[in-house]
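I have placed the structure first, in the form of structure tokens, so that the comments after it can refer back to it.
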């Protein structure tokens, strides 16, 4: 029996024609890999690759009270945004946890775009709507917008062939609008989830195949390749970036997740008092990066133990880093074990393997 509830991006047939291995992810049938995770990872680190991340959600918040709503539901200070600026933020859930992490784009003084995780589109929409006592206008464009992430040191070189917009001034966490591959009003943004540089291109669904084809034609000299979610995960983990559902969720606070830098107490917001107290008094546990010093691979959900073999935490994300060849991971551990250099042990199939807490990111530029 086929699952009719699974959604497809506008490029689904393209991925199939390229021989991608498709897997269900966040309610969508998504390409996990085209060749191998290793090859795709190195392509992004050394050259340029394209991810179809059209499963992400996009909400528009508009009107004179748009900022008031965003300030209330998000942890970061969106009042600092001016048109063309982007902010990483999270939605506190009213119970000390996180509804989702997201990007806030300032389109204009009374117009914002929120980019949310695919698995949380309905949940986020309902949460923000429930908090909208400000009368801000909300529109959900998630089903109409496609998103390509063109990532890698040669990404700019490829995209520049397709647009008159000078990409050089678009700094990290900034965006502009322009014509790309003959498509007007493309949002060209620089946020990146790989640490390899590059841009995200937002276009209507009916234009994304044109854009995809143009990118792959223009990128032949640079060795451009399509990249799946497998490599996206190893790339983001090398940077120590959190993945919702793994490293942060409704039970983790932004403070213990190391996201104090996106939690600003210059305004009133959901859970503001609780999180301020947590920041001042400290938390019992912290999300840390670690590298195995014994041979093996740490995976999500593996137990973390101390030298006595007592369970003290759990691995939230883990992999073998293609760039360093080391087994790396993120885990919540007691504050007493959270300083870089601390020794912890990961229970890998019944064997307690030694690991060392390290500072993030794992991949130093």
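The values are calculated or read from the model by the stated rules, or taken from the named source; none is laboratory data. What you see is a predicted model; the values in this text were computed from it and never measured. When we count neighbours, we look across all protein chains shown, and the Cβ atoms used for this are built from the backbone with ideal geometry, even at glycine.
Quick one: is residue 106 on the phi < 0 side of the Ramachandran plot and free of Cβ contacts under 8 Å to residues at least 24 places away in the same chain?
no
So, in the stretch 330-353, exactly how many residues are touching a residue at least 60 places away in the same chain (Cβ under 8 Å) and either assigned to a loop (DSSP other than H, G, I, E, B) or closer than 27 Å to residue 282 by Cα (or both)?
2
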> Of the residues that make up the stretch 157-166, is at least one touching a strand residue (DSSP E or B) at 6+ places or on another chain (Cβ under 8 Å), assigned to a strand (DSSP E or B), at pLDDT 95 or above and buried (at least 17 other Cβ atoms within 10 Å of the Cβ)?
Replying inline: yes
> Among (1) surrounded by fewer than 17 Cβ atoms within 10 Å (Cβ to Cβ); (2) within 26 Å of the chain's Cα centre (by Cα); (3) at positive phi, where does residue 299 come up short?
Replying inline: (3)
> Which one is surrounded by the most Cβ atoms within 10 Å (Cβ to Cβ), of the residues in the stretch 17-38 that are touching a residue at least 24 places away in the same chain (Cβ under 8 Å) and part of a helix (DSSP H, G or I)?
Replying inline: 37
> Could you count how many residues in the stretch 170-194 are within 23 Å of the chain's Cα centre (by Cα) and modelled with pLDDT of 95 or more?
Replying inline: 15
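So, in the stretch 98-118, exactly how many residues are in a loop (DSSP other than H, G, I, E, B) and surrounded by 18 or more Cβ atoms within 10 Å (Cβ to Cβ)? Break it down into steps so the answer makes sense when it comes.
Narrowing the stretch 98-118 to residues in a loop (DSSP other than H, G, I, E, B): 109-110, 117.
Filter again for surrounded by 18 or more Cβ atoms within 10 Å (Cβ to Cβ), leaving 117.
Count: 1.
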> Condition test on residue 121, is it crowded, with 21+ Cβ neighbours inside 10 Å, out of contact with any helix residue (DSSP H, G or I) (no Cβ under 9 Å at 6 or more places or on another chain), at pLDDT 95 or above and not in a strand (DSSP E or B)?
Replying inline: yes
